[in-house]
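Working notes for the structure below.
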Amino acid sequence: MDFRILLTFLLLSVSGALHAQDYHGQVVGSNSSPVGNASVIMLDGNHRTLTFARSGRDGRYTVVTPSGKTGKWLTFVCMGFERDTIPLEGFVQGQKTVLTEKSFKIKEVKVVAPKMRQMGDTIDYYVGMFKQKQDRTLEDVLKKMPGISVGSDGSISVGGKRINKFYIEGMDLLGNKYSQATENINAGKVKKVQVLNNHEPIKMLRGRSFSDQAALNIVLADDAKEVWQGTVEAGTGSSLQKPGHWLGDARLTAMRFAHKLQSISIYKFNNTGKDILHEINVNQILGISAPDEVGFLHNINLTLPDLQPQRTTFNTSSLLASNWLFKTGKDSEIRLQLSGALDRSRQQQTTTTVYNDVDGGATIAEDVTAHSHESSLSGELHYQLNADKTYLINNLSGYVDWNRSTGQSILNGNIVRENVKPRKRYISDDFSWIHRFTDKRSLSLSGYAAYNDLPGHLLLHDGSWESLDLQTLRWKATTWIGQRIGAVNVTYDLETNGNRQWLSTRNPLDTANDRYAESWLTGRVTTSYKNDWLDLSARLPLSWLWRSLGREDKTNVLFTPEVSAKLTFGVDWDLSLSYNYGWQPLSLRDMTGTTLFTNYISVTQGLGYLDNSHGNSFTGILNYRNISSGFFATAMTSWAGNSGNILYRATYDHGFYTTRPTDRRSVSHFLMSMLQLSESVHWCRLNVSLQGHYTEERYNLLLSDVVTPFTLKSSSATLSFSLQPATWLSFDANSNVGASRQINRVDRSLDSPTLVSFVHRLNVYLMPGKWQVEWSHELYHGNNDATSTNYFMDLSVAYRRKTYELSVAMNNVLGTDTYKQHYYTINQQIHQLNILRPREILFTASFDI
């Protein structure tokens, strides 16, 4: 009993110490006259700025301690006076702080505007200091900002982790489809980009929940607000090799960013190799959304080499998207998103695949010409109330497609037709409600329900057909109550979730109807603690799981803890650590005993009974940032160990690569390390970044019925820079080296040779007056046939005015038409010959409206 009394006393003491507090006083000079417009800055124990205020004409000020923070010092700064710092310990409300007058001898100086500024957890990047003359879109400038990474799919990461929100003027117009903004908003319309570190999107949880992800907020220039604006762009041209092929590229955009209304609408058409469809793809799944269902069949998508899409993609694509956000109150909004896509692509590739897991190393040679057709419609209706005491969202979304592919393959010397129709449709609704009754108690209800239907038809290489239909119903409901005990936030969750899956199969080897059911009941305690230098969170769930497959059912009781921590060292350093233990039921694909064809030459079969895998994972991320010098660094390492992996016996019979499960299990380990350094300096607007990646995967394959351990190692390094030594001259360049090797840990004589490939890119921009000449170069080479030696050159000339641009571009000037590569997967060695786009010319006119 005495111990509990003492613990309660200590928690209440800490709670009182952390309670927000006002400090008020007066700043005066040595002659006791008030000092107005003095900056009064509150610092924490690491001398990091928490908040600030300014003294009035009478010298009086009030500084409010931010919620959840602890102030240690007050610093007073004013022109003409010496800087003074006093401790808050012993501070007397209303006390006077006397500043000593100081004279300055002003030297001749050159004033340089800062590129970045940090205030607390917010970093402001001033776009005008990063933008170079050739940059057109917001994404072009984001790629030059140190500490921010833009992926090839348009996703944005800060400090090694993807952002959790993308705001425009503080409003979430696009949700997870923010590529529509970054790739279409004119860079000249943006004033600054704000990185909101440790961002908690829910207002009422700020200071109460742990978040180690950042958000981006785009602050627009004044002339981009409260007005309709847009772009009309049209291009036409032709291929200059082989039979002439008409080229087209068109873009229409309409945007408005007002206080109570935001909108972005886009139409695009392209057949020059650009990937425009990724703009309507989801960059990241956030919140409580139902997991995306993945079917067994897919369109024919040949693996493309790591070249620019305009080198390898033969497409005819159309995209229409419209996004609207209406503010219905101070803290409430409604968002409507609609999109549709049409895409026809032609693919041609010659491939030789050696399967390492088949006795004797089976070899399959394919010469494929395929046509893929994708057409889809999607929509989302979102309501949100995000107030200080109440949070409420409801998100209704739907999707339907009519995808199909046809083709012809010369398979090991035989002509074979290909045909696949993988269809998908779903409807989903997500709901979440949180209310804070007092400063220490909250209640929440949330959940989702989603129905998916994935019918498909597949033509096999022997001329027979397979018909599949996978239907899934998923649901989840959660309630939690939260309370604050001193400095510790505690939530108690009760959650139920599950899914039902129905799989109907009809093919030459099997006709079956599989039924799978899964139900979870979970109780969870989550604790979080936060002070000036430490954020600590622990999730302790205890779950009851019931599963059923056919006539078999099974129950499990599981404990799957998660722990995360973030340590902040001063202003510049932070370290994030996380650990979790996971227990996963195997997917229906791994458990069904039905024989399934997944493409025209591949067959697989599951266990026929319930099973699972489990494992541990750890991630550590170290970040350093120096705003004044523009230097950022991120080091990350991640390790995962997984047990219960099924070992499959692979065979090649009658033209089919077949995998069937055995009763043997194995352990796998995956290690990934990453280092990223970036710096931006004023000299010649220089931006430099260096990235290094290393991965190592240890796994087992079943060879001749013997468990054989393998290791697949991959590493890469990339050096990039941009430089503008004069207003009329600019450079963008990067060089990459990548290496991979597959190791047989039993018989090293069977190790594969190390494959090393190099990629070098250089863009030179000559920009006299209103003219812009872009001269681009790419060089690919490697060892051991890792890649063929290829050189590409592109040239474009543009005349740019404030409201319009006229340009002519020639791609692949030298007419390089093939590209070879050699690479490894876990169980394959692959040699490819890819057909490339020919020499092409395109005339384009673009107008801002």
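Tallying residues that are among the small types (Gly, Ala, Ser), closer than 25 Å to PHE326 by Cβ and surrounded by 21 or more Cβ atoms within 10 Å (Cβ to Cβ) within the range 139-173 yields 0.
Out of SER740, SER776, SER735, one residue alone is free of Cβ contacts under 8 Å to residues at least 24 places away in the same chain, within 29 Å of the chain's Cα centre (by Cα) and surrounded by 15 or more Cβ atoms within 10 Å (Cβ to Cβ). It is SER776.
In the range 391-414, what residues are over 23 Å from ARG344 (Cα atoms) and either among the hydrophobic types (A, V, I, L, M, F, W, C) or in contact with a helix residue (DSSP H, G or I) (Cβ under 7 Å, 6 or more places away or on another chain) (or both)? Residues satisfying the conditions are TYR391, LEU392, ILE393, LEU396, LEU411.
Go over the candidates ILE276, ILE300 one by one and state the one that is β-branched (Val, Ile, Thr) and closer than 18 Å to SER378 by Cα.
Numbers: ILE300 fails: closer than 18 Å to SER378 by Cα.
Only one candidate passes the filter, namely ILE276.
Quick check: anything in the range 426-443 buried (at least 16 other Cβ atoms within 10 Å of the Cβ) and more than 30 Å from LYS203 (Cβ to Cβ)? Spell out the reasoning first.
Quick first cut of the range 426-443, residues buried (at least 16 other Cβ atoms within 10 Å of the Cβ) only: 426, 428-434, 436, 442.
This time we only want the ones that are more than 30 Å from LYS203 (Cβ to Cβ), so: 426.
Within the range 426-443, one or more residues are buried (at least 16 other Cβ atoms within 10 Å of the Cβ) and more than 30 Å from LYS203 (Cβ to Cβ).
Checked against the criterion of being over 32 Å from the mean Cα position of the chain (by Cα), surrounded by 16 or more Cβ atoms within 10 Å (Cβ to Cβ) and more than 27 Å from ASN46 (Cβ to Cβ), the candidates GLU518, GLU466 yield just one match: GLU466.
Of all residues in the range 791-849, those being within 16 Å of GLY273 (Cα to Cα), in a strand (DSSP E or B) and among the small types (Gly, Ala, Ser) number 1. Looking at LEU577, LEU610, just one residue is crowded, with 16+ Cβ neighbours inside 10 Å, at pLDDT 95 or above and not in a strand (DSSP E or B), and that residue is LEU610.
Looking only at residues that are hydrophobic (A, V, I, L, M, F, W, C) and under 24 Å from the mean Cα position of the chain (by Cα) in the range 309-338, which one is nearest to LYS274 (Cα to Cα)? Selected residue: LEU319. Listed by position, the strands (runs of 3 or more DSSP E) enclosed by the range 56-174 that each have at least 2 residues that are under 30 Å from SER265 (Cβ atoms) are 122-126, 148-150, 156-158, 165-168. Among the residues making up the range 511-534, those that are modelled with pLDDT of 95 or more and either among the acidic types (Asp, Glu) or not in a strand (DSSP E or B) (or both) are ASP514, GLU518. In the range 366-382 there is no residue matching the filter, namely being over 22 Å from LEU277 (Cβ atoms), among the aliphatic types (A, V, I, L, M) and buried (at least 17 other Cβ atoms within 10 Å of the Cβ).
Residues of the range 379-406 being within 29 Å of SER602 (Cβ to Cβ) and either assigned to a strand (DSSP E or B) or more than 29 Å from the chain's Cα centre (by Cα) (or both), which ones?
Going through the range 379-406, the residues within 29 Å of SER602 (Cβ to Cβ) turn out to be 399-406.
Listed by number, the residues that qualify are TYR399, VAL400, ASP401, ARG404, SER405, THR406.
The values are calculated or read from the model by the stated rules, or taken from the named source; none is laboratory data. These numbers were taken from a predicted model, which means no experiment stands behind them. For neighbour counting, all protein chains shown are included, and Cβ atoms are generated from backbone atoms with ideal geometry for every residue, glycine included.
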